[in-house]
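Shown next, in structure tokens, is the structure this report addresses.
The values are calculated or read from the model by the stated rules, or taken from the named source; none is laboratory data. A quick note: this is a predicted structure, and the numbers were derived from the prediction, not measured. Note that we place each Cβ from the backbone using ideal geometry, even for glycine, and neighbour counts take in every protein chain shown. Ligands, DNA and RNA are stripped out before the accessible areas are found, and what is left, the full protein with its side chains, is counted by its heavy atoms. Shrake-Rupley method; radii C 1.70, N 1.55, O 1.52, S 1.80 Å.
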Amino acid sequence: MNYQQIFSEIFEDLKGVDNIGKVADYIPELANVDPNHFGVNLTTIEGDAYDYGDANIRFSIQSIAKVFSFVLAYSRIKSDIWLRMDLEPAGTPFNSLVQLEYDKGVPRNPFVNAGGIVVCDILVSELENPKSDMLNFIRTLSDNRDINYNSKVSESERLSGYKNYALVNLMKSFGNIHNDIDEVMDLYFSICSIEMSCRELSESFLFLSNNGIVPYSGEQILSSSRTKRTNALMQTCGFYDEAGQFTFKVGLPGKSGVGGGIVAIHPQKYAISVWSPRLNVKGNSFLGMLFLEEFTTRTELSIF
Ligand code: GLN
């Protein structure tokens, strides 16, 4: 299939759409991005890569990193992580506090902020050097040694992260955070600040399309059963209270971030990443969602 051609046709068609999205500015440092960036990459499990637009410019991956931290915990940690969080769609915004009190400090799933914070707490407990282990893990997945944290972004979020501090304090009060809050939040804000391009994101998600095996190295990251489960979680929980819409319109497991990135995978076929910084009201890339909807519709390459 001529993906490059399809990308440019969809992009041309979407030019007529009024992009009503807004760049995330609740993390002040994120507001500095040029809102008109647009990039796409699709990489197949055979290693064929197709770029369009700003596919090789790095941006803040934000909540997309929750997949990496979850997979690291799920693959290496012996303790039962499902005692610490649930695996149900939340149906609430990514940073909501509402459900946490009802559920006594147990987050609905690992992909809302509360769940991502509990995963960081688990990693702080179980890893020798959580920050460098996390980075090395991502570098291994993408075969790219210079992927890094952006300390300006993590510091900016730390200084404005009142909601996230409220979440971690509420969970600590219920006994579901075991470590020092600042240490946990340092890891959380750091992983959100990681910068990657669409191409690097596609490459690093390919193991989820390939039964848990990194195609280029042959390394088994997750068993095929856990890979299936991780993909199921992305399908049901990857877009917060828009997970149903994403499934309905795009039909792929995926994960978004407030930096405007979205990654989605098709099992046994490909990973696709889109970046457009303007977000819809649910905190997902406005154009990215439309683009992926058009992509799976025109190519008939959704999982449904
Ligand atoms: N760092 C962001 C936050 O905690 C991540 C949110 C997101 O990308 N949805 O608010």
Subset of region 93-126, residues over 13 Å from SER69 (Cα atoms), of a type in the set (D, E, K, R), touching a residue at least 24 places away in the same chain (Cβ under 8 Å) and more than 16 Å from the ligand (Cβ to nearest atom), comes to GLU101, LYS104
Per the filter on region 26-77, residues among the hydroxyl-bearing types (Ser, Thr, Tyr), away from the ligand (no atom under 12 Å from the Cβ) and outside any helix (DSSP H, G or I) are THR43, THR44, TYR50, TYR52
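A quick yes/no check of all residues on (1) open to solvent by 10 Å² or more (accessible area, probe 1.4 Å); (2) among the aromatic types (Phe, Trp, Tyr); (3) within 16 Å of the chain's Cα centre (by Cα):
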| position | (1), (2), (3) |
| --- | --- |
| ILE57 | yes, no, no |
| PHE68 | no, yes, yes |
| VAL71 | no, no, yes |
| ARG76 | yes, no, no |
| TRP82 | yes, yes, no |
| GLU88 | yes, no, no |
| PHE94 | yes, yes, yes |
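Determine, yes or no, whether LEU97 is aliphatic (A, V, I, L, M) and out of contact with any helix residue (DSSP H, G or I) (no Cβ under 8 Å at 6 or more places or on another chain). Lay out the reasoning, then the answer.
Values: aliphatic (A, V, I, L, M): yes; out of contact with any helix residue (DSSP H, G or I) (no Cβ under 8 Å at 6 or more places or on another chain): no.
Here the answer is no, as LEU97 does not meet what is asked.
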Here the residues within region 106-126 that are outside any helix (DSSP H, G or I) and either touching a Leu at 6+ places or on another chain (Cβ under 6 Å) or of a type in the set (Phe, Trp, Tyr) (or both) are ASN109, PHE111
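So that you can scan it fast, the table gives a plain yes or no per residue for (1) surrounded by fewer than 18 Cβ atoms within 10 Å (Cβ to Cβ); (2) over 25 Å from SER190 (Cβ atoms); (3) small (Gly, Ala, Ser); (4) without any contact (Cβ under 8 Å) to a residue 40 or more places away in the chain:
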position: SER209; (1), (2), (3), (4): no, yes, yes, no
position: VAL214; (1), (2), (3), (4): no, no, no, no
position: LEU222; (1), (2), (3), (4): no, no, no, no
position: SER225; (1), (2), (3), (4): yes, yes, yes, yes
position: ALA232; (1), (2), (3), (4): yes, yes, yes, yes
position: CYS237; (1), (2), (3), (4): no, no, no, no
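Quick one: in region 132-176, which of the residues that are away from the ligand (no atom under 15 Å from the Cβ), assigned to a loop (DSSP other than H, G, I, E, B) and open to solvent by less than 60 Å² (accessible area, probe 1.4 Å) is modelled with the lowest pLDDT? Quick ask: steps written out before the conclusion?
In the first step, residues of region 132-176 are kept if they are away from the ligand (no atom under 15 Å from the Cβ); the result is 132-133, 135-148, 172-176.
Within this subset, residues satisfying the condition of being assigned to a loop (DSSP other than H, G, I, E, B) are 143-147, 174-176.
Right, trim to open to solvent by less than 60 Å² (accessible area, probe 1.4 Å) and you get 144, 147, 175-176.
Numbers: ASN144: 89, ILE147: 97, GLY175: 98, ASN176: 98.
The extreme case among them is ASN144.
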| said: Condition (residue is open to solvent by less than 20 Å² (accessible area, probe 1.4 Å), at pLDDT 95 or above and β-branched (Val, Ile, Thr)) applied to region 97-114: is it met by at least one residue? | reply: yes
| query | Just wondering, is there one or more residues in region 243-255 that are of a type in the set (Ser, Thr, Tyr) and in contact (Cβ under 8 Å) with a residue 60 or more places away in the chain? | reply | no
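Filter region 247-304 for residues that are in a strand (DSSP E or B), under 16 Å from VAL33 (Cα atoms) and of a type outside the set (Val, Ile, Thr) and give the result.
Pass one, region 247-304, residues in a strand (DSSP E or B): 254-256, 261-266, 270-275, 279, 285.
Still in the list and also under 16 Å from VAL33 (Cα atoms): 261, 274-275, 279, 285.
Passing the criteria: GLY261, TRP275, LEU279, SER285.
Any idea which residue in region 177-200 is surrounded by the fewest Cβ atoms within 10 Å (Cβ to Cβ), counting only those that are among the hydroxyl-bearing types (Ser, Thr, Tyr) and within 25 Å of VAL40 (Cβ to Cβ)?
Taking region 177-200 first, the residues among the hydroxyl-bearing types (Ser, Thr, Tyr) are 188, 190, 193, 197.
From the residues that got through so far, the ones that are within 25 Å of VAL40 (Cβ to Cβ) too are 193, 197.
Working: SER193: 26, SER197: 24.
So, considering only residues that are among the hydroxyl-bearing types (Ser, Thr, Tyr) and within 25 Å of VAL40 (Cβ to Cβ), the one surrounded by the fewest Cβ atoms within 10 Å (Cβ to Cβ) is SER197.
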Result of the Cβ filter at 6 Å on region 44-57, keeping first residues that are touching a residue at least 24 places away in the same chain (Cβ under 8 Å) and of a type in the set (S, T, N, Q) and partners that are open to solvent by 40 Å² or more (accessible area, probe 1.4 Å) and not in a loop (DSSP other than H, G, I, E, B), at least 6 apart or interchain, is ASN56/ARG199
